[in-house]
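Below: one structure, written as structure tokens.
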Amino acid sequence: MADGSSETKSSNQMWGGRFASGPDAIMEEINASIGFDKKLYAQDIRGSIAHATMLAHQGIISAEDKDKIVHGLNTILSEIESGAFEFSRRLEDIHMNVEARLATLIGPAAGRLHTARSRNDQVALDFRLWVKEELQKTEKALTALIAAFLDRAEEHADTVMPGFTHLQTAQPVTFGHHCMAYVEMFGRDRSRVRHAIEHMDESPIGAAALAGTGFPIDRHMTAKALGFREPTRNSIDTVSDRDFALEFLSIASIAATHLSRLAEEIVIWSTPQFGFIRLSDAFSTGSSIMPQKKNPDAAELVRAKTGRINGSLIALLTVMKGLPLAYSKDMQEDKEQVFDAAESLELAIAAMTGMVRDMTVRADRMKAAAGSGYSTATDLADWLVREAGLPFRDAHHVTGRAVALAEQKGCDLADLSLADLQSINPAITEKVFDVLTVEASVASRTSFGGTAPAEVRKQIAWWRARN
């Protein structure tokens, strides 16, 4: 006959050995968020100070209680920043941990702080403040990366390199022009960051649980105190909105994709087969067994971070996709994704900025490669249209025959003789050789946004005025 102890033992085995005390322990484990949302301590305290100040201004709490609350909150801030504060999982989240400590410090006055607010609008405020601050940091980091590229572009406005399509040599470009392509990419990322800050620049506090409050609060006052443009306009949307987090993750994913493309090029360019660049020792590692190796580990890790960041976006989109209005506990799963993506993006941008500034550009290798693969073939076709009056399709056909002849002879287009070229089309003259060098090719691309060094310098000047 089974006794009670064996029945309890059996029950606990069903729940799992980690949760020795049964369902209560499992609930605490799944419900507690303090392990990650303690990251919001500064925003939580800042929001509470603004809220208490507004409550006193509106006569909802006394000035004396407000002073006690503000002093207590500043004390807690100091304790957390010094490492003296003890976070408790039993208190679930950052809000309750701060509130419990405040009650210990100042007594009953602490209970007045939560007047006219809910944890629903409180967490919306804390998280929005944190994301806004992170976006501002991202904007500065992208500005530094753009500046690094502008410096390299200016340095190499005349450095000829092969331009690629399908990773096959296409036409000569300059390394400065290639760098400016990334300036454009990261410039769009920065623009998205700025727009996201504008979109989310509304204060959630005062929406309470979901319906607002009957207390005579001044939401415009708290919005201004917290640096927001204005308060949100619908209390239901306010507590259920995580668009700002999704927008941050979307921006992070796009920026990470740009970083990953750059990382891939750095990995390729640093191989002995290309040899376009050398990475500094600061961003490379050696091999444990092959002493000749210098591995572009920093670039490879930047490339890999994109997977984490994209995963965070998909995770939060999935969390939010089926939630009815207004607040649901599912939304507790929003923060870890954003925190992880923010940390990954911040590190990736910093690493890439360092690599761009430190890498050695091997202009000789770039120039040698620029003329390979008959990269000036399009210049020959354009010359035939311009100087010989051929329709472009006919010029394309003539150029194709010239390339085939060069392949047969094992030489570049510029090494074919005039007689060779005239055997294909008698309208070709000696002047054609003025466009068959890679330097002449890039110099001729003077259209707006083209690779001509003079045009590259114009674009650099435009960006410097706006960076």
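Just one of the listed residues (Phe85, Phe164) is modelled with pLDDT under 95 and either out of contact with any helix residue (DSSP H, G or I) (no Cβ under 7 Å at 6 or more places or on another chain) or open to solvent by less than 30 Å² (accessible area, probe 1.4 Å) (or both), and it is Phe164. Which ones in region 319-332 are out of contact with any helix residue (DSSP H, G or I) (no Cβ under 6 Å at 6 or more places or on another chain), assigned to a helix (DSSP H, G or I) and surrounded by 12 or more Cβ atoms within 10 Å (Cβ to Cβ)? Met320, Met331, Gln332, listed by residue number.
If you go through region 260-273 and keep only what is open to solvent by 50 Å² or more (accessible area, probe 1.4 Å) and over 18 Å from the mean Cα position of the chain (by Cα), you end up with Pro272, Gln273. Could you go through region 426-436 and let me know if any residue there is among the charged types (D, E, K, R), closer than 30 Å to Val267 by Cβ, outside the structural domain of Gly176 (by the TED database) and surrounded by fewer than 18 Cβ atoms within 10 Å (Cβ to Cβ). No, the conditions are met nowhere in region 426-436. Taking the numbered list (1) in contact (Cβ under 8 Å) with a residue 40 or more places away in the chain; (2) more than 23 Å from Phe164 (Cβ to Cβ) in turn, Arg386 passes all entries but (1).
Residues are listed down the side, and each one gets a yes or a no for (1) hydrophobic (A, V, I, L, M, F, W, C); (2) open to solvent by 40 Å² or more (accessible area, probe 1.4 Å); (3) assigned by the TED database to the domain that holds Ala141:
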{"site": "Arg233", "(1), (2), (3)": "no, yes, yes"}
{"site": "Val239", "(1), (2), (3)": "yes, no, yes"}
{"site": "Ala256", "(1), (2), (3)": "yes, no, yes"}
{"site": "Gly275", "(1), (2), (3)": "no, no, yes"}
{"site": "Phe283", "(1), (2), (3)": "yes, yes, yes"}
{"site": "Pro296", "(1), (2), (3)": "no, no, yes"}
{"site": "Ala315", "(1), (2), (3)": "yes, no, yes"}
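In region 204-215, is there at least one residue being open to solvent by 20 Å² or more (accessible area, probe 1.4 Å), in a helix (DSSP H, G or I) and modelled with pLDDT of 95 or more? Taking every residue of region 204-215 in turn, none turns out to be open to solvent by 20 Å² or more (accessible area, probe 1.4 Å), in a helix (DSSP H, G or I) and modelled with pLDDT of 95 or more. Within region 399-434, take every residue that is among the polar types (S, T, N, Q) and without any contact (Cβ under 8 Å) to a residue 40 or more places away in the chain and give me the one that is nearest to Ala381 (Cα to Cα). So, considering only residues that are among the polar types (S, T, N, Q) and without any contact (Cβ under 8 Å) to a residue 40 or more places away in the chain, the one nearest to Ala381 (Cα to Cα) is Thr399.
Criterion first (open to solvent by less than 60 Å² (accessible area, probe 1.4 Å) and within 12 Å of the chain's Cα centre (by Cα)) does Val338 satisfy it? Judged against the criteria, Val338 is a match.
So, in region 296-315, how many residues would count as being over 16 Å from the mean Cα position of the chain (by Cα) and either under 19 Å from Phe186 (Cα atoms) or in a helix (DSSP H, G or I) (or both)? Outline the logic, then answer.
Within region 296-315, the subset over 16 Å from the mean Cα position of the chain (by Cα) is 296-298, 300, 315.
Next, from what is left, pick out any that are either under 19 Å from Phe186 (Cα atoms) or in a helix (DSSP H, G or I) (or both): 297-298, 300, 315.
Counting residues in region 296-315 that are over 16 Å from the mean Cα position of the chain (by Cα) and either under 19 Å from Phe186 (Cα atoms) or in a helix (DSSP H, G or I) (or both) gives 4.
Confirm whether Phe392 is in the same structural domain as Trp130 (by the TED database) and not polar (S, T, N, Q). So Phe392 does not fit the description; no.
The values are calculated or read from the model by the stated rules, or taken from the named source; none is laboratory data. Every value quoted in this text rests on a predicted model; they were computed, and no experiment measured them. Methodologically, a virtual Cβ is constructed for each residue, glycine included, from the backbone with ideal geometry; neighbour enumeration extends over all protein chains shown. The accessibility values were calculated without ligands, DNA or RNA, using every heavy atom of the protein model including side chains. Shrake-Rupley method; radii C 1.70, N 1.55, O 1.52, S 1.80 Å.
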